[in-house]
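A.B. asks: One structure is given below, represented as C-alpha cells, and several questions about it will come after.
The values are calculated or read from the model by the stated rules, or taken from the named source; none is laboratory data. Note that the structure is a prediction, hence the values are computed from the model and not measured. Positions of Cβ are backbone-derived with ideal geometry, glycine not excepted, and every protein chain shown enters the neighbour counts. When the accessible area is computed, the model is the full protein with side chains, heavy atoms only, and any ligands, DNA or RNA have been set aside. Shrake-Rupley method; radii C 1.70, N 1.55, O 1.52, S 1.80 Å.
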Amino acid sequence: MRSFSHVLAQTDWVALQLATFDTAAVERALTASTLSLTDFQALLSPAALPRLPQLLEKARLLTTQQFGAARQLFAPLYLSNLCANECTYCGFSMSQAIKRRVLTDSELIEEAHAVKALGHDQLLLVAGEHERKVGMAYFRQQIPLLKPLFSRLMLEVQPLASNDYRELKQLGIDTVLVYQETYQAQAYAKYHLKGKKMDMIWRLDCPDRIGAAGVDKIGLGILLGLADWRLDAVLLATHLRYLQQQFPYCQFSIALPRLRPCSGGIESSFPVSDRELVQLYCAFRLLAPEIDLTLSTRESSQLRDLLLPLMITSLSAGSKTQPGGYQVAPQSLQQFSIDDDRSAKLMAQRLTELGLQPVWTNWHPAFGRG
Amino acid sequence: MFTIAETPLPRLLLGSGKFASPQLMLDAVRASGTGLVTVALKRIKPGQPSLDLISPLQQAGVKILPNTSGAVDAKEAIFAAELARELLQTNWVKLEIHPDARFLMPDPEQTLIAARQLVKLGFVVLPYCSADPMLCLRLQEAGCAAVMPLGSAIGSNQGLQNKAMLEIIIEQARVPVIIDAGLGQPSHACAALEMGAAAVLVNTAIATAADPVQAATGFRLAVEAGMAARAARCAPPSLHANASSPIDSLLTFLS
C-alpha cells in the first residue's frame, strides 16, 4: 500500500525550503476560504509576522465557529520510563542514569484513581519505548483495568503494527498519538542514536497503520527545536492533509511542543520564539479549522491563558510526567520540566474566568465504542 | 406552533453546544422563546451533578431533545438513543450520524438504517440529514416524525446554500421539515420560514455570537417575521415592474 513515506520521498524539499513569500502571498492566504499548502507556507513565513493581529483574529473566528467555548481537558498518565532508545533531547533515554519504573497493576490503579480524583475523565497513557517490557502484552493487561474509569483513553507509546492497533481499538483505545519529532531525515538521524526509533520510516508510516486500523483519532506533532521548524511545519501539514484524505472518518489533533530542558538533554539549536509559536498555531488553525490543537503544560501559564480563547481546544492540566507521579512516587524525575503546574481544578476555574467551558467528558463511556 | 407526535412545538429550536456557560445558554434559551432544546448525549454524565445542563432547562419548562451527536454509525446511534430514553425518560431522539470528521456531513446510509430501526423500537425520530429530496422521502417512509435537512454545512453560518433542494423537500414532505444546520443570521431563519419550513434549529450562530442573548432575540423575531410573511402570502418576485393590476382590470372589464 502507498503510504506517507512515499509521499514524502516525492516531495521537493529544496523548492519548499527556497520558497519565499511577499505580502501579497500572505494577503491571499489570509483571505482564502480553504488554504493550499502554499498558502499555509506563506502564513509561516517572516512576511506574515507583521500580519499577526489579522492571523490571530481569523484563528479566533474559526475556532469559535467550530468549537464555540468548549475546551477539552485531559491528563497524561505515565506507565513506564523504561526506554530502549537513545534520543539526545529526552530525559528517559536509555543512557540516562535515572531510576526506572514500570507501573504494576496495583500501582496503575492507584495512579488512575488519583487522576480521576482530580476531576479528569480523559486519560492519555504514555510510556517510554520498550517493546519487550512495555509492549502489547503489557497493554493487553493494563488497558482493561483503566477502561471502566475513563470515558476516553489515549495512547502515546512506540509505533506499533496495524494488527496491534486493531486490537488496541478493541481494548478501548480511542486515540493514538505519535509525534514524528522531525520530518527531516538528516536531523532525525542526528538526534535518534539507538533503538527502534532510529527507523524513521517505521515511525513516518505509523499514522497510516493507525488509520487503517480504524482508530477514532490520531494525534500528530513535531518537536520544535530539533530542525528548521518552518520546513517541519509544512511537512506536518502535508502529512495531515494526506491522512485526512486517506481516512475521512478519522479525527486529528496536532501538538507543537517546544524542546524543554530535561535531565541530560541538549539545548535547542533551532529555538522558536513565543511570537513564532503563536504564528505557527495560527497557521494550523487556518489550515484545519476542524482539528484539535493542543498546548502542553511545558508552556507558561501566561502564554496558555492567552492562547486558550483564541485557538487551543484541548489541554492537559495538573500533569505529572513520570510513572507514579500522581500518587505512587511523586518525587521521581520527570520526562521534561513543566511550566504550567496549575491543578486541573484551577485550570477549569481559569477557563471559566476566560469565558470558556471546561469539557471533562466528550464521549459517553457506555456508547460502547472499542 | 406546529406539531410532532401531537406535541405542539415552537418554530425556533435551539442547540445547547458551544456556549461559554450553562447560565449563558439558559439566558439565550429564554430570549429565544423556544420550548425545545437539543442536548448531546455524549456531554451528559449519568449520576453526576454535571447533569447541570439538563436540570435548569427542565426547570425553565423546556423540553429536552437528546441527540446522538458523535455517533459514527447506526449501531452507536441506536445505543445512544436507548441510553437517552433511559436517562431522560423520553422516546424522542434527534438522530445524528456523522462519521466524516472534517465537515461533519450526515451519513445518509447509516441514518436511514438507524431511522428504520429506531422507529420500530418506538422512538419519535427526527433525523438530521443531507438536503437530498429522495433521502427525505425515504426517511419519511421509514416513519420519521420530521426531517431535518441541512441548510449548509453544520456550524458554517453560510445560510440556505441548499435552497433549491430544500424547496423540493418542503414541497414533497408530509412530515414537518426542520432546517437544521448552517443558519448564521436571523435573516437566514426568516428565509427558511418564508420558504415553508416548519421550523429551524440554530446553535452555532447564537452560541458563538458576541452577545448570544441578542442573537437569540434576533432569531426569535426573524422566525416571527418569516411566519408573518407566509401568512401574508406576499406576491412572488418578478423580473418586470408591475404598475398595478392590469390583468385584474381587464378581467373585470371582460366579465
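A.B. asks: Just for the stretch A:309-350: of the residues that are without any contact (Cβ under 8 Å) to a residue 40 or more places away in the chain and not in a loop (DSSP other than H, G, I, E, B), which one is farthest from residue A:260 (Cα to Cα)?
C.D. replies: In this case the residue turns out to be A:349.
A.B. asks: Specify which of the listed residues (B:199, B:192, B:215, B:222) is under 23 Å from residue B:18 (Cβ atoms), within 14 Å of another protein chain (Cβ to nearest Cβ) and at pLDDT 95 or above.
C.D. replies: When all the criteria are applied, what remains is B:215.
A.B. asks: Here are some conditions: (1) away from chain B (no Cβ under 14 Å); (2) more than 15 Å from the chain's Cα centre (by Cα); (3) β-branched (Val, Ile, Thr). Residue A:215 meets all but one. Which one does it not meet?
C.D. replies: Single failed check for residue A:215: (1).
A.B. asks: Just one of A:160, A:103, A:149, A:118 is at pLDDT below 95 and farther than 28 Å from residue A:312 by Cα; which is it?
C.D. replies: None of the other options fit; the residue is A:103.
A.B. asks: Here is a further query. Give me the residue from the stretch A:351-370 that is open to solvent by 40 Å² or more (accessible area, probe 1.4 Å) and at pLDDT 80 or above and, out of that set, nearest to residue B:19 (Cα to Cα).
C.D. replies: Checking each candidate, the answer is A:357.
A.B. asks: Can you tell me which condition residue B:63 does not meet? The list is (1) more than 9 Å from chain A (Cβ to nearest Cβ); (2) modelled with pLDDT of 90 or more; (3) more than 19 Å from residue B:203 (Cβ to Cβ); (4) open to solvent by 40 Å² or more (accessible area, probe 1.4 Å), and all the others hold.
C.D. replies: So the condition that residue B:63 fails would be (3).
A.B. asks: Only one of (1) within 11 Å of another protein chain (Cβ to nearest Cβ); (2) under 14 Å from the mean Cα position of the chain (by Cα); (3) open to solvent by 10 Å² or more (accessible area, probe 1.4 Å) fails for residue B:42. Which number is that?
C.D. replies: It is condition (2) that residue B:42 fails.
A.B. asks: Every residue in the stretch A:169-183 that is touching a residue at least 60 places away in the same chain (Cβ under 8 Å) and assigned to a loop (DSSP other than H, G, I, E, B), please.
C.D. replies: Once the filter is applied, which keeps residues that are touching a residue at least 60 places away in the same chain (Cβ under 8 Å) and assigned to a loop (DSSP other than H, G, I, E, B), the stretch A:169-183 yields A:172, A:173, A:174, A:179, A:183.
A.B. asks: Among the residues of the stretch B:161-175, what is the count of those that are surrounded by fewer than 20 Cβ atoms within 10 Å (Cβ to Cβ) and either of a type outside the set (Lys, Arg) or free of Cβ contacts under 8 Å to residues at least 24 places away in the same chain (or both)?
C.D. replies: Summing the residues that are surrounded by fewer than 20 Cβ atoms within 10 Å (Cβ to Cβ) and either of a type outside the set (Lys, Arg) or free of Cβ contacts under 8 Å to residues at least 24 places away in the same chain (or both) in the stretch B:161-175 gives 8.
A.B. asks: Would you check if residue A:278 is of a type in the set (A, V, I, L, M, F, W, C), in a loop (DSSP other than H, G, I, E, B) and within 16 Å of residue A:225 (Cα to Cα)?
C.D. replies: no
A.B. asks: Further question on the same structure: For residue A:226, state whether it is at pLDDT 95 or above, away from every other protein chain (no Cβ under 14 Å) and either open to solvent by less than 10 Å² (accessible area, probe 1.4 Å) or touching a helix residue (DSSP H, G or I) at 6+ places or on another chain (Cβ under 6 Å) (or both).
C.D. replies: Against the criterion (at pLDDT 95 or above, away from every other protein chain (no Cβ under 14 Å) and either open to solvent by less than 10 Å² (accessible area, probe 1.4 Å) or touching a helix residue (DSSP H, G or I) at 6+ places or on another chain (Cβ under 6 Å) (or both)), residue A:226 does not qualify.
A.B. asks: Suppose we filter B:160, B:183 for residues that are more than 14 Å from chain A (Cβ to nearest Cβ), assigned to a loop (DSSP other than H, G, I, E, B), within 30 Å of residue A:311 (Cα to Cα) and touching a Gly at 6+ places or on another chain (Cβ under 6 Å); which single one remains?
C.D. replies: After applying the criteria, what remains is B:160.
A.B. asks: Just name the residue that is farthest from residue A:125 (Cα to Cα) out of those in the stretch A:150-168 that are in a helix (DSSP H, G or I) and open to solvent by less than 40 Å² (accessible area, probe 1.4 Å).
C.D. replies: Filtering the stretch A:150-168 for residues that are in a helix (DSSP H, G or I) and open to solvent by less than 40 Å² (accessible area, probe 1.4 Å), the one farthest from residue A:125 (Cα to Cα) comes out as A:162.
A.B. asks: Now a separate question. Do we find a residue being surrounded by 20 or more Cβ atoms within 10 Å (Cβ to Cβ) and in contact (Cβ under 8 Å) with a residue 60 or more places away in the chain anywhere in the stretch A:24-31?
C.D. replies: yes
A.B. asks: Could I ask something else about it? Could you check the stretch A:250-269 and list, in sequence order, the residues that are at pLDDT 90 or above and either of a type outside the set (Gly, Ala, Ser) or in a helix (DSSP H, G or I) (or both)?
C.D. replies: A:250, A:251, A:252, A:254, A:256, A:257, A:258
A.B. asks: Which one is nearest to residue B:129 (Cα to Cα), of the residues in the stretch B:67-96 that are away from chain A (no Cβ under 11 Å) and surrounded by fewer than 24 Cβ atoms within 10 Å (Cβ to Cβ)?
C.D. replies: Step by step, filter the stretch B:67-96, then rank; the result is B:74.
A.B. asks: If you don't mind, another one. So if I check each of A:271, A:289, which one is within 14 Å of chain B (Cβ to nearest Cβ) and either open to solvent by 10 Å² or more (accessible area, probe 1.4 Å) or more than 17 Å from the chain's Cα centre (by Cα) (or both)?
C.D. replies: A:289
A.B. asks: Which one of these is more than 14 Å from chain B (Cβ to nearest Cβ), surrounded by 19 or more Cβ atoms within 10 Å (Cβ to Cβ) and either small (Gly, Ala, Ser) or in contact with a Lys or Arg (Cβ under 8 Å, 6 or more places away or on another chain) (or both): A:317, A:348?
C.D. replies: On inspection, the qualifying residue turns out to be A:317.
A.B. asks: Here is a follow-up. Which residue, of B:108, B:99, B:56, is touching a Pro at 6+ places or on another chain (Cβ under 9 Å), surrounded by fewer than 19 Cβ atoms within 10 Å (Cβ to Cβ) and more than 10 Å from every other protein chain (Cβ to nearest Cβ)?
C.D. replies: Of B:108, B:99, B:56, the one residue that is touching a Pro at 6+ places or on another chain (Cβ under 9 Å), surrounded by fewer than 19 Cβ atoms within 10 Å (Cβ to Cβ) and more than 10 Å from every other protein chain (Cβ to nearest Cβ) is B:56.
A.B. asks: Can you name every residue in the stretch A:320-334 that is among the polar types (S, T, N, Q) and open to solvent by 10 Å² or more (accessible area, probe 1.4 Å)?
C.D. replies: Those that are among the polar types (S, T, N, Q) and open to solvent by 10 Å² or more (accessible area, probe 1.4 Å): A:327, A:331, A:332, A:334.
A.B. asks: Just a yes or no: is a residue in the stretch B:143-160 under 23 Å from residue B:6 (Cβ atoms), surrounded by fewer than 20 Cβ atoms within 10 Å (Cβ to Cβ) and free of Cβ contacts under 8 Å to residues at least 60 places away in the same chain?
C.D. replies: yes
A.B. asks: Ok, one more. Would you confirm whether any residue within the stretch A:335-344 is of a type in the set (Phe, Trp, Tyr), buried (at least 23 other Cβ atoms within 10 Å of the Cβ) and more than 14 Å from chain B (Cβ to nearest Cβ)?
C.D. replies: Checked the stretch A:335-344: no residue is of a type in the set (Phe, Trp, Tyr), buried (at least 23 other Cβ atoms within 10 Å of the Cβ) and more than 14 Å from chain B (Cβ to nearest Cβ).
A.B. asks: Okay, next question. Which one of these is β-branched (Val, Ile, Thr), closer than 30 Å to residue A:127 by Cα and under 21 Å from the mean Cα position of the chain (by Cα): A:104, A:63, A:88?
C.D. replies: A:88
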